[in-house]
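Undergrad: The structure follows.
The values are calculated or read from the model by the stated rules, or taken from the named source; none is laboratory data. Owing to the predicted nature of the structure, the values given are computational and were not obtained by experimental measurement. Cβ atoms come from the backbone with ideal geometry, glycine included; neighbour counts cover every protein chain shown. The protein model used for the area step is the full one, side chains on, heavy atoms only, and it has no ligands, DNA or RNA in it. Shrake-Rupley method; radii C 1.70, N 1.55, O 1.52, S 1.80 Å.
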Amino acid sequence: MNVWKANGLKYILLCSLLLCAVLSVVSLWSYSGSSASQSAAFRHGPSSGFGGGGRFGGGRGRLGQRPANGQTAGNREAGSVGQGTSSNSTSTDTTNSSDGKSQGTTGQSADSTTPSSQNTSTSGDKGTAAGNDNSTSGGRSVARDGQHRGPGGMSRNGYGMGMGGPGGGMGGGRNGNSSSAYATPLAIFAALFFGAFVFIVYRFRARAWKLGERNRGLMLWTVLGVGFFLRMAIAPWISGHMDLMLFRNWATTAADSLSGFYTNGSSDYPPFYIYILYVIGKIGSTAAFSPYMSVLLRLPNILADIVTAYMLYRLASKRVGYAISLGLAIFYVFNPAVFINSTFWGQVDSFFTMLIVGMIVLLVENRIGWSAVLFAIAVLMKPQGIIYGPVLFFELLRQRKIQPWLLAIGGAVVTTILVILPFSWGQEPLWLLDLYKGTVGEYPYASVNAYNFFALIGGNYTQDTTTLFLFSYHTWGMIGIVLVTLFTWWMYIRSRKPQFAAAAALVQIAGVFTFASSMHERYLFPAAALAVLAYLFLRDRRFLSLAGGFSLTIFLNTFDIFYSSNSRDHYGVILCVTSLLNVLLFGYLVKVVWDCSKSTTIETARSTDRVSPELPSAQPSWGASSQGVNTTINR
């Protein structure tokens, strides 16, 4: 009995971790068996087939489920043409998505027994691009040709799966998920999570958070381990967004020829993440791992969730008490906004956020060169990484020294050269610039499913050339970006402290997302982690409220797009409420940042802050300065 009292918590934690690990293994093993059965059925079934067309391939017919006319059911507006063929028939999938990256195309489809037929886009988009898809049952091929952007896209439902011809793109997209079977459990989990968050913030807003520090290392790894194993257990059974099929095609293409990835295809994705897809493609091409391809595609971002949570914990362990440090790790690991992105949707925003968090922490620690390296990698992964460039620029200006500029420029240039060099053979000298210009021009809309100010006033999927008062949506969006950046610069100058970098990054992404055009629903994703960082560096608890608020709006926006079957022009309650909340949250953030910028002071570490026992007492935690400096708010 005395042994149980002394070690009861340890046994509970170990059992919980072991149970989740076993659950993950059983889930993956069960999925492997069902996946093998489905593969056999597809190989021998009368309507199986997978055709590739440009970046997004063609259509993949499900056994006995494709309608006679080949049109994917449940979609209202034709955006592009995807081609799916079998050994004895030819069919056309006309699919819809709200992402806006797919285009009107003219595609050709042929198989071994029927003559090829030509199918023309009904989306009304300007311009066409031809793509040939010659595939038989169970086979696949990739057509490589031109591209044209338009409001079409990708979709998937119970009847079939079609992807736009040689153009198209990824990102948002209503009806992008094949099933809503998990929508209710996810919504219930989210309601419980945010309810618990509100209770905890209210309950402990005026008192210290206390938690026994026994087994603290085991408690941390239990939290991280349970979060990882639960994701791995759930991931195989979630069909995910059609972006996963896009990543699968890219992984296969990269594995076939990494250096020829852009010359042999027509991808618009920047080059850094292609390396990761290359590794996934190589692993997934083996017989042992091929059934787990959808899990492998999610794995880098599942790991990024855990790594980001660990970084936040290590950073917090030098600045706040142990209970808050562990609570922040729990908050991020089990955050529904984080969960739905990496595990359900299958997108790469978690990996991108990990880079941004690392960049900001290194910037605060005055490791300018490495911070610039991570910034360059972030931009080479997603074009919206440039949103965080002003933060690095402001810190370089604040230091007023030439050496940090040389380190930042040198680190960014060397990183860029190393990343793009393998893809540059046979390319034009400015091929990367052309790639970014094409990507930016793919979304000529006021909002691309981003529930922001433009969506609130009815601008979702409205052409950005449409006039709003005196100017077009695009012009208003550019004005918004300039004003947000100038405000961030002003606050940075007022604060005169590098610790303000996290708050500046939060203002940048929240402001640009809320008031710029062509925003997607997932662009706000890093705000939750950045709000936690801002709290740790500035010690204002209002940032925790902002972390919860942004997590709620990120989840609602992502959930509504992921599961909704409404057309892209639908103006619903969730859109209206979430958009209004984002506008209000940004206003509240402006107030908090204003207060912090005029009252930020540097103090010596408080006696209540303790060094994590996982490290020697003289060694600081990751992200903590060697001087043990804290940033607090004088109130």
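Undergrad: Applying 1/(1 + (r/R0)^6) with R0 = 22 Å to the Cβ-Cβ distance of residue 595 and residue 365, what FRET efficiency is obtained, to the nearest 0.05?
TA: Computed FRET efficiency for residue 595 and residue 365 comes out at 0.35.
Undergrad: Amide H to amide H, which residues 5 or more places from residue 445 or on other chains are under 5 Å from it, using H placed in the peptide plane?
TA: HN-HN under 5 Å from residue 445: 464, 518.
Undergrad: What's the ranking of 335-343, 271-279, 473-481 by average number of surrounding C-beta atoms within 10 Å, highest first?
TA: Listed from highest to lowest mean packing, they are 335-343, 271-279, 473-481.
Undergrad: OK, next. Scan around residue 564 for amide H atoms under 5 Å from its own, H built in the peptide plane at 1.01 Å from N, and keep only partners 5 or more places away or cross-chain.
TA: It is 175, by chain and number.
Undergrad: Related question: If you plug each phi of segment 495-511 into the Karplus form 6.51 cos²θ - 1.76 cosθ + 1.60 with θ = phi - 60°, what whole-Hz ³J(HN,Hα) values come out, in order, with x for Gly and Pro?
TA: Residue by residue, segment 495-511 yields 6, 6, 9, x, 5, 7, 4, 5, 5, 5, 5, 5, 4, 4, 6, 5, x Hz.
Undergrad: So what does residue 402 come to for accessible area, using a 1.4 Å probe and Å² rounded to 10?
TA: Around 120 Å² of this residue is reachable by solvent.
Undergrad: Give the accessible area for residue 440 in Å² (nearest 10); use a 1.4 Å probe, count only protein heavy atoms, and leave out ligands, DNA and RNA.
TA: Spelled out: residue 440, probe radius 1.4 Å, area about 100 Å².
Undergrad: Given the peptides 588-595, 344-351, arrange them by the average over their residues of other C-beta atoms within 10 Å, most packed first.
TA: Highest to lowest by the protection proxy: 344-351, 588-595.
Undergrad: In what order, largest first, do 20, 15 sit by accessible area if the probe radius is 1.4 Å?
TA: Sorted descending by solvent-accessible area, the residues read 15, 20.
Undergrad: Can I ask one more? Applying the Karplus parametrisation 6.51 cos²θ - 1.76 cosθ + 1.60 with θ = phi - 60° to the phi angles of segment 352-366, what ³J(HN,Hα) value in whole Hz is obtained for each residue in order, glycine and proline being reported as x?
TA: Couplings: 4, 5, 4, 5, 5, 4, x, 4, 5, 4, 5, 5, 5, 7, 6 Hz.
Undergrad: While we're looking at this one, here's another question. Compute the length gained on full extension between residue 466 and residue 425: take 0.36 nm times their separation in residues and subtract their Cα-Cα distance, giving the result in nm to one decimal.
TA: Separation in residues times 0.36 nm, less the Cα-Cα distance, equals 10.7 nm.
Undergrad: Please give, to one decimal in nm, the separation of the simple spin-label points placed at residue 15 and residue 203, each 7 Å out from Cα toward the Cβ.
TA: In this crude label model, residue 15 to residue 203 measures out at 2.3 nm.
Undergrad: Each residue of segment 272-286 in turn: what ³J(HN,Hα) in whole Hz from Karplus with 6.51, -1.76, 1.60 and θ = phi - 60°, glycine and Pro shown as x?
TA: Rounded to whole hertz, the list is 4, 5, 5, 4, 5, 5, 4, 4, 4, x, 5, 5, x, 7, 7.
Undergrad: What order, most packed first, do the peptides 249-262, 420-433, 313-326, 508-521 have when packing is the mean number of other Cβ atoms within 10 Å of each residue?
TA: Peptide ranking by packing, descending: 508-521, 313-326, 249-262, 420-433.
Undergrad: With r as the distance between the Cβ atoms of residue 257 and residue 437 and R0 = 30 Å, compute the FRET efficiency 1/(1 + (r/R0)^6) and round to 0.05.
TA: That gives a FRET efficiency of 0.75.
Undergrad: Additional query: Which of 437/598; 10/282; 401/598; 10/591 have a Cα-Cα distance over 32 Å?
TA: The answer is 437/598; 10/282; 10/591.
Undergrad: Can you sort 194, 469 by solvent-accessible area, 1.4 Å probe, largest first?
TA: Accessible-area ranking of 194, 469, largest first: 469, 194.
Undergrad: Taking R0 as 30 Å, what FRET efficiency do you get between residue 402 and residue 478 from their Cβ-Cβ distance, rounded to the nearest 0.05?
TA: With a Förster radius of 30 Å, E is 0.40.
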